[in-house]
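S.K.: Sharing a structure here in structure tokens format.
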Amino acid sequence: MFDLETLISAVIWILAILLSLAVHEYAHAKYADWAGDPTPRSQGRVTLNPIAHLDPLGTILIIFMAFSGYGIGWGKPVPVNPGYFRSPRRDWVLCAFWGPLSNIILAVIFAIPLRLMLASGERLPDSVFVDFTLSMVLANIGLAIFNMIPLHPLDGSKVLSGVFPDIYDRRYWGFQMVYGPIILFGSILILPLIGLPNPLRFILLPAREFLVDLLLGI
């Protein structure tokens, strides 16, 4: 049985993740729309309504993760057609980058009241507001760092393609489409289940700690 405090913490975390994912996907859709691609708007994705960005399985796994502390969840990817982009190379990379960047912006916004409270020298008060604000900071930092991993289907794979002469290089995307998901989900889900460490943690955790310390000083 879960006690009330655990239930409240789980609900706060679920709301923080869902709102952060909605902003993340909206940022992709808004940039693609601005860059000339009508696809996201025709699919109803240029909106901050979280319902428009929920993936059924991804949402279920987010809820499971909130209660278990283990797992992974995701939002519904925004469909884009780079053939409509005014500047295909620039817009392909920036459309991908705006998702993680929107999460960093959100993390900064929600870190401001916490930083002001901490500047007083007092401990953060025990309240739902503080818990939600802190959850928003941590959730958005986590989403930004995670999505910048350069493995398909994450945004980082598209951003990384910007360093190649041809962002649609067949060899690069051939590798990403086949091995990116295997490496990603194998590292996150399979290795821990068989008692081996997730190698991505050696990158994600230091980056997360650095940004938390930078924004909150804790």
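The values are calculated or read from the model by the stated rules, or taken from the named source; none is laboratory data. Worth saying up front: this structure is predicted, and the values here are computed from it rather than measured. Positions of Cβ are generated from backbone atoms using ideal geometry, with glycine treated the same way; all protein chains shown enter the neighbour counts. Calculation scope for accessible area: heavy atoms of the full protein, side chains included, ligands and nucleic acids excluded. Shrake-Rupley method; radii C 1.70, N 1.55, O 1.52, S 1.80 Å.
S.K.: What nm value, rounded to one decimal, do you get for the distance between residue 72 and residue 207 when each label is placed 7 Å out toward the C-beta?
M.R.: Spacing of the two 7 Å Cα→Cβ label points: 1.4 nm.
S.K.: Could you run the Debye sum over the Cα atoms of segment 159-213, one equal point scatterer each and no solvent, and tell me log10 of I(q)/I(0) at q = 0.18, 0.24, 0.32 Å⁻¹, two decimals?
M.R.: Debye output, listed in q order: -0.79, -0.92, -1.09.
S.K.: As an exercise, identify the trypsin sites (Lys or Arg not before Pro) in segment 108-206 lying in DSSP coil whose Cβ has no more than 14 other Cβ atoms within 10 Å.
M.R.: For trypsin sites (Lys or Arg not before Pro) across segment 108-206 that sit outside H, G, I, E and B with at most 14 neighbouring Cβ atoms in 10 Å, the list reads 123.
S.K.: Something else now. Can you give me the distance in nm between label points at residue 120 and residue 194, each placed 7 Å from the Cα along the Cα-to-Cβ direction?
M.R.: 5.2 nm
S.K.: Still on this structure, please answer the following. Considering only 37, 166, 155, give the residue with the highest GNM mean-square fluctuation for the chain, with springs between Cα atoms whenever their separation is below 10 Å.
M.R.: Comparing 37, 166, 155 in a Gaussian network model of the chain, the most mobile one is 166.
S.K.: Quick one: putting +1 on the C-beta of Lys and Arg, -1 on the C-beta of Asp and Glu, what dipole do you get for segment 1-114 around its Cα centre, in Debye to the nearest 20?
M.R.: Roughly 500 debye, rounded to the nearest 20.
S.K.: Working from Cα positions, state the angle (0 to 90°, nearest 10) between the long axis of helix 170-185 and the longest principal axis of the chain.
M.R.: 20 degrees
S.K.: Now for a different question. With axes computed from alpha carbons, what is the tilt in degrees of helix 128-147 against the longest principal axis of the chain, rounded to the nearest 10 within 0 to 90?
M.R.: Once rounded, one gets 30 degrees.
S.K.: May I ask for the angle, rounded to the nearest 10°, between helix 56-68 and the longest principal axis of the chain, with both axes built from Cα atoms and the value confined to 0 to 90°?
M.R.: It works out to around 30 degrees.
S.K.: Report the dimensions of segment 90-218 along its three principal axes from the alpha-carbon atoms, largest first, rounded to Å.
M.R.: Projected onto the principal axes, the Cα atoms of segment 90-218 cover 55, 41, 21 Å.
S.K.: Now a separate question. Using a simple spin-label model with points 7 Å from Cα along the Cα→Cβ vector, what separation in nm is obtained for residue 185 and residue 49?
M.R.: So the two model labels end up 3.0 nm from each other.
S.K.: Counting just the Cα atoms, what span does the chain cover along each of its three principal axes? Round to the nearest Å and put the largest first.
M.R.: 52, 42, 32
S.K.: In whole Å, how far is the Cα centre of segment 14-28 from that of segment 175-193?
M.R.: Measuring centre to centre over Cα atoms gives 23 Å.
S.K.: Next question, about the same structure. For the chain, what does the accessible surface come to per residue with a 1.4 Å probe? Please give it in Å².
M.R.: On a per-residue basis, 55 Å².
S.K.: If you project the alpha carbons of segment 1-61 onto the principal axes, what extent comes out on each, in Å, largest first?
M.R.: Result for segment 1-61: principal-axis Cα extents of 51, 17, 13 Å.
S.K.: At a Förster distance of 45 Å, what's the computed FRET efficiency of residue 170 paired with residue 61, Cβ-Cβ distance as r, to 0.05?
M.R.: Result of the calculation: an efficiency of 0.90.
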